[in-house]
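To start, the structure itself, in C-alpha cells.
The values are calculated or read from the model by the stated rules, or taken from the named source; none is laboratory data. Just so you know, these numbers come straight off a predicted model, no measurement behind them. Cβ placement follows ideal geometry from the backbone for every residue including glycine, while neighbour counts extend to all protein chains displayed. These area figures cover heavy atoms from the full protein model, side chains too; ligands, DNA and RNA do not enter into them. Shrake-Rupley method; radii C 1.70, N 1.55, O 1.52, S 1.80 Å.
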Amino acid sequence: MSDPITILGIETSCDDTAAAVLRDAGQGPEILSNRVAGQAELHAAFGGVVPEIAARAHAERVDLVIEAALEEAGVQLSGIDAIAVTAGPGLIGGVLAGVMAAKAIGFAAAKPVIAVNHLAGHALTPRLTDGLAYPYLVLLVSGGHCQFLRVDGPDSFTRLGGTIDDAPGEAFDKAARLLGLPQPGGPSVERAARNGDPTRFDLPRPLVDRPGLDLSFSGLKTAILRARDGLVTAQGGLREADVADLSASFQQAVADVLTEKSRRALAGQTGLSGFAVAGGVAANNQLRSGLQSVAEEAGVPFVAPPLALCTDNGAMIAYAGLELHRLGRRDGPAFPARPRWPLDAAAVPILGSGKKGAKA
Ligand code: KG4
Ligand code: ZN
C-alpha cells in the first residue's frame, strides 16, 4: 500500500477555471472538492472562446477557485503534498495563469509542483473513476481534440490515430450554428435530434472507406451547410422538423464514424483491460451506446466517466499529478507553459489535429 497523499489540481487551459483536491489514503483516490468556474457567459456574444478574455478571467478567478476548493475539502496548504497544474496544451494566456498560480503557491508553501499534460488528465480519468488497469484504449473526443490513445502508464501514451481536421465537438458546435441552435452545440444538437429522423439526409461517413484510424469531420459540416441551403432555397426557410432531421442525421454520422473506427482500434490491440471514452463529446448518448456495443463485441469492459469528469476539471489534473508524484516526478520552478504538447512525442504530427489547439 502506498503512503496517503493529497494533491491540489489546477486547470485553466481553455474556458473553465478549475481547482480540486484529491486524496488517496490507500483505498483509492477520493475527490474532496472539484470546483469549476465556467466562462460561457463571457464568450457567448462572440460565438467561440476569445483567448484574451479567457486569460483575463482565469487570472482574476484562479486564486478564488483554488481557495474555494481547499476550503470545501477542509484542507490547508500545509496539508497538501504537491500541486498539479495543467502546463499545456491550451490557450497560452490561460495556461500561464494557472502555471503562475501553481508556482507562486508552491514557492510560498514550499510544496512541489508537477506539470501535467491536459490530455493526460482526460486520458487517465477512467482510472480515477473506475480504477481501470493499464493498458487500456481511450477515445478522447472534445471540442479541440479527437484521438485514439493506448495508455500503458501515466507517462506512456501511444497515439493510434485521430482527426486530420476538426474535432467532433467543434463539428457539433458548427452544425448547431448552421442550424440556429444555441452553443455549446453538442447538447443542443442532441436535444434537437431526439425528435428527428436520422435517415432523412444521406450525410457522408468521412474516411470510413479508408483503412486506418484517422478521422475527419470538416466534410460533415459542409454537408450540413449544403443540405440546409438546399432546403432554404426550396422552401424559403427551415422548419422545426428539418432542424430535427438534420441534427439526427448529423449525430448519427458522427456516432457511426467514431464507432466504426473504435471497432478497428480495438481489433488492432491485444491485452487491453478496457475501452474508455473521455472529453466533452463523451456526454453524447448515441455515441456512448455505439461505443459500448463495440466494447462488448471486443469482450472488454466499457468505461464512460460521469459528465462532470468528462469535461474540463481540476480533479483529473490532480489525479494525473498523483500518479506522476508516485513515479517521483517533480518539476522545478522553470518549467514552461506550452500551447502545444503532444502526449505521444513519437507520433507523426497531424496537420490541423484539433485546429483550435486549445480545447481538449
Ligand atoms: O471537453 P470539453 O468540455 O471542452 C473542451 O473541448 O476542452 O468539450 C466541449 C465540447 C463542445 O464542443 C461541446 O459541444 C461538446 O463537447 N459536447 C457534446 C455534448 N456535450 C458537450 N457533443 C455532443 N453531444 C453532447 N451531448
Ligand atoms: Zn479538455
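The residue 191 and residue 344 beta-carbon pair, evaluated with R₀ = 45 Å, returns a calculated FRET efficiency of approximately 0.80. Taking all protein chains as they are arranged and a probe of 1.4 Å, the heavy atoms of residue 63 leave approximately 100 Å² accessible to solvent. Normalised size of region 134-300, defined as Cα radius of gyration per 2.2 N^0.38 Å with N residues, equals 1.06.
Counting only DSSP beta bridges with both residues in region 50-152, the antiparallel share comes to about 55 percent. Note on residue 64 and residue 285: the model spin-label points, each 7 Å out from Cα along the C-beta direction, lie 3.5 nm apart. Each label was represented as a point 7 Å from its Cα along the Cα-to-Cβ direction; for residue 270 and residue 56 these points are 5.7 nm apart. Distances longer than 21 Å among the Cα atoms of region 47-194: what percent of all pairs is that? So the portion of pairs separated by more than 21 Å is 60 percent. Structural size metrics of the chain, computed from C-alpha coordinates, are Rg and Dmax of 20.4, 68 Å. For the chain, the fraction of 1.4 Å probe accessible surface lying on carbon and sulfur atoms is 54 percent.
Amide H contacts of residue 215 (H built 1.01 Å from N, in plane; Pro and chain starts excluded): 162, 163, 164 sit under 5 Å, all sequence-distant by 5 or more or on other chains. Would you count, across the chain, every pair of lysines whose alpha carbons are under 25 angstrom apart, provided the pair is eight or more residues apart or spans two chains? Lysine pair count for the chain: 14. Full extension of the chain between residue 134 and residue 308 gives 60.3 nm of extra length, using 0.36 nm per residue less the Cα-Cα distance. Given a 1.4 Å probe and the protein chains as shown, residue 100 ends up with an accessible area of around 110 Å². The 3J(HN,Hα) values that the Karplus relation (6.51, -1.76, 1.60; θ = phi - 60°) gives for region 310-326 are, in residue order, 7, 7, 4, 7, x, 5, 5, 6, 4, 5, 4, x, 4, 5, 5, 4, 5 Hz. Gly and Pro appear as x. Less than 5 angstrom separates the built amide H of residue 136 from those of 151, 273, all sequence-distant by 5 or more or on a different chain. Think of the chain as a dipole: +1 on every Lys or Arg Cβ, -1 on every Asp or Glu Cβ, centred on the Cα centre; then among 164, 110, 274, 164 lies furthest on the positive end. The value of relative contact order for region 1-69, using C-alpha pairs under 8 Å at least six residues apart, is 32 percent.
Heavy atoms of the protein chains alone define the surface here; on that basis the chain has 41 Å² accessible area per residue at 1.4 Å probe size.
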